[in-house]
Amino acid sequence: MTAEAQRKVTRRRPARRGEGDRLRDEIVLAACALLNESGDPGTLSLRAVARKTGVATTSIYLHFEDLTSLVRAVKSRWLDMLADEVEAAASEAGDDPRKRVRAIAHAYVDAAMREPARYRVLFTAELTPPAPGVPYLGVQAYNSVLARVRQAVPEAEADMITLQFWCGLHGLVTLRQARPKFPWPDLEGQVDDLVTRLIDSATHG
């Protein structure tokens, strides 16, 4: 077979409109599945993602600059899912600001305990700082929670209470996942207690 004939045989068919976006989604979903199994971005490789997607590794570079950008896309997808779950819980909690904050706390903890590998990838695995001018992932979701907390505590306390709120929930989740045999109190009661103490500290001094 001549070189020209070989080029005709191996030449990739140009993607139809919309196929490129679909392949990108398939690549991200494949990476999601692999990270759900390992919980460690350090074990992920573009070759493994390509194999699971059923494409050549070079095809991934048409959509992602490198492995870091692919992992960022996975985290972005998962953070959006977490934000949607948290916001839905807040909306269903009614008009009482304290109940909304409590609902956010329970939704966050429930999601983290239900998907421990996903949570590790999001918050305990090594975090690569974004490029200059690129915001940290999750900023919009954090600001959404901040807006809810502002409705429940004095304005001057809202920033610190929101930060302590997140730190407290993260500590609760990671310690329970790391030490499952510790004699922990009831999870729901512990979350309620954390929220009550934080809000009371802001409203009563």
>> Going by Cα centres, the range 154-205 and the range 24-86 are how many Å apart?
In response: 31
>> Run lengths n ≥ 4 of DSSP H only: what is the helix-derived mean residue ellipticity at 222 nm for the chain, with -39500 (n - 2.57) per run over all residues, to the nearest 500?
In response: -22500 deg cm²/dmol
> In µm²/s, what is D for the chain at 37 °C and 0.692 mPa s, where D = kT/(6 pi eta Rh) by Stokes-Einstein and Rh is the Kirkwood radius from Cα pairs?
Replying inline: 168
>> Given axes a ≥ b ≥ c from the Cα gyration tensor, I'd like to know whether the range 91-205 is rounded (a/c under 1.5), prolate (a/b larger than b/c) or oblate.
In response: oblate
> Summing +1 for each Lys or Arg and -1 for each Asp or Glu, what net charge is found among the other residues whose Cβ lies under 9 Å from the Cβ of residue 121?
Replying inline: +2
> Longest exposed-loop-site-free stretch of the chain, with GluC sites (Glu not before Pro), DSSP loop and at most 13 other Cβ within 10 Å?
Replying inline: 127-205
>> Please arrange 32, 167 by how many other C-beta atoms lie within 10 Å of their C-beta, fewest to most.
In response: 167, 32
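Every number here is computed from the coordinates shown, using simple stated rules; none is lab data. Not measured: the values here are computed from a predicted model. Backbone-built Cβ (ideal geometry, glycine too); neighbour counts: all protein chains shown.
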